[in-house]
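Step one of this worksheet: look at the structure below.
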Ligand SMILES: Cc1ncc(COP(=O)(O)O)c(C=O)c1O
């Protein structure tokens, strides 16, 4: 498993601080109650210099997560865009993972958070393929988790906040303990939801399917990119409820997310997906995705934010 990388500087509310100075009290509200809103964003080395993929959309979700939890960071989306560009430039990175966070600090004793100050951090560090290079090439072995995702109107699945990742940790730890690389969880209704940190797609008869935004999963930005790329490639897409067993009988499965990119799934619950090799639709979408983020094809959707002017 990957350990966190390090860079030198972290942006904190308009200033740069040293990596190891970005500390908080153990009794900060976010530590006690999981109230740290965050994002996971990637910057890629393109022929025109480092470019952040879909930064605006990630920051919109970031601020939406804050709104859901009544957090009001004093930074506009435009300020945060500049903060991201400046942090990568100051650290001299060409390719990195960015983990902006809005946290509630030290103050409130109980769960009512309003006596805790809000702080915004933008750390970034070099981070390669989340599931490994071999996973991108050959696919991963996945299982269906015994843990379901949250039900709608319990803990909002659309908010990317630390506490939500207790579910993902249970899903992922169980999968690893049982010898799988990844797990796909069902929603409370028994229909497919998402992976521990990815959205899920399947291909059947040349058509691409993915579950709807039903209150059990994170509306992934990569999911949206994949749906857009599929349309660009002329692949028919259907968003709708999917059964567990559809993963056993379809032709192709893949998971996607900022960290995981587009990762093929070669088996589910020890049953081979299709013939157990990476299928043509998955490969075509993966290639177009990687070509897009790495600036090897024209940025027709305006998805790249360059770090340098
Ligand atoms: C639970 C969960 N689902 C889906 C995703 C994919 O989201 P995105 O494509 O925006 O990175 C992530 C990754 O952040 C995630 O943590």
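The condition (being within 11 Å of the ligand (Cβ to nearest atom) and buried (at least 21 other Cβ atoms within 10 Å of the Cβ)) is satisfied by just one residue among 182, 194: 194. For segment 248-290, how many residues meet the condition of being closer than 18 Å to residue 179 by Cα and surrounded by fewer than 17 Cβ atoms within 10 Å (Cβ to Cβ)? Going through segment 248-290 one residue at a time, the tally reaches 5. Among residues of segment 260-279 that are on the phi > 0 side of the Ramachandran plot, those with a Cβ under 6 angstrom from a residue that is in a loop (DSSP other than H, G, I, E, B), sequence gap 6+ or separate chain, pair up as 274/251. Taken over segment 257-288, the criterion of being over 18 Å from residue 206 (Cα atoms), in a loop (DSSP other than H, G, I, E, B) and out of contact with any strand residue (DSSP E or B) (no Cβ under 6 Å at 6 or more places or on another chain) is satisfied by 259, 260, 270.
Of the residues contained in segment 28-35, none is found to be touching a residue at least 40 places away in the same chain (Cβ under 8 Å) and within 17 Å of the chain's Cα centre (by Cα).
Among the criteria (1) over 18 Å from residue 200 (Cα atoms); (2) touching a helix residue (DSSP H, G or I) at 6+ places or on another chain (Cβ under 8 Å), the one residue 119 does not fulfil is (2).
Only strands (runs of 3 or more DSSP E) whose full extent lies in segment 97-159 are considered here, and none of them has at least 2 residues that are without any contact (Cβ under 8 Å) to a residue 12 or more places away in the chain. Would you confirm, using the coordinates I've provided, whether residue 216 is touching a strand residue (DSSP E or B) at 6+ places or on another chain (Cβ under 9 Å), assigned to a loop (DSSP other than H, G, I, E, B) and either outside the structural domain of residue 191 (by TED's automatic domain parsing) or away from the ligand (no atom under 16 Å from the Cβ) (or both)? Taking the combined requirement at face value, the residue does not satisfy it. Counting only strands (runs of 3 or more DSSP E) that sit completely within segment 1-95, those holding 2 or more residues that are in contact with a strand residue (DSSP E or B) (Cβ under 9 Å, 6 or more places away or on another chain) and surrounded by fewer than 17 Cβ atoms within 10 Å (Cβ to Cβ) correspond to 15-18.
Answer with yes or no whether residue 171 is outside any strand (DSSP E or B), within 21 Å of residue 262 (Cβ to Cβ) and within 16 Å of the ligand (Cβ to nearest atom). Taking the combined requirement at face value, the residue satisfies it. Among the residues in segment 219-230, are any assigned to a loop (DSSP other than H, G, I, E, B), within 10 Å of the ligand (Cβ to nearest atom) and in the same structural domain as residue 283 (by TED's automatic domain parsing)? Yes - at least one qualifying residue is present in segment 219-230.
Table: residues versus (1) in the same structural domain as residue 76 (by TED's automatic domain parsing); (2) within 15 Å of the ligand (Cβ to nearest atom); (3) more than 23 Å from residue 191 (Cβ to Cβ); (4) touching a strand residue (DSSP E or B) at 6+ places or on another chain (Cβ under 9 Å).
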{"position": "104", "(1), (2), (3), (4)": "yes, no, yes, yes"}
{"position": "115", "(1), (2), (3), (4)": "yes, no, yes, no"}
{"position": "137", "(1), (2), (3), (4)": "no, no, yes, yes"}
{"position": "162", "(1), (2), (3), (4)": "no, yes, yes, yes"}
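Being within 12 Å of the ligand (Cβ to nearest atom) and over 27 Å from residue 266 (Cβ atoms) is the filter here, so list the residues in segment 142-154 that pass it. Hit for segment 142-154 is 150, nothing else.
Filtering segment 220-247 to residues that are surrounded by 19 or more Cβ atoms within 10 Å (Cβ to Cβ) and in contact with a helix residue (DSSP H, G or I) (Cβ under 8 Å, 6 or more places away or on another chain) leaves 221, 222, 225, 226, 229, 230.
The values are calculated or read from the model by the stated rules, or taken from the named source; none is laboratory data. In this text, all values refer to a predicted model and were calculated from it rather than measured experimentally. All Cβ positions, even for glycine, are placed from backbone atoms using ideal geometry, and neighbour counts span all protein chains on display.
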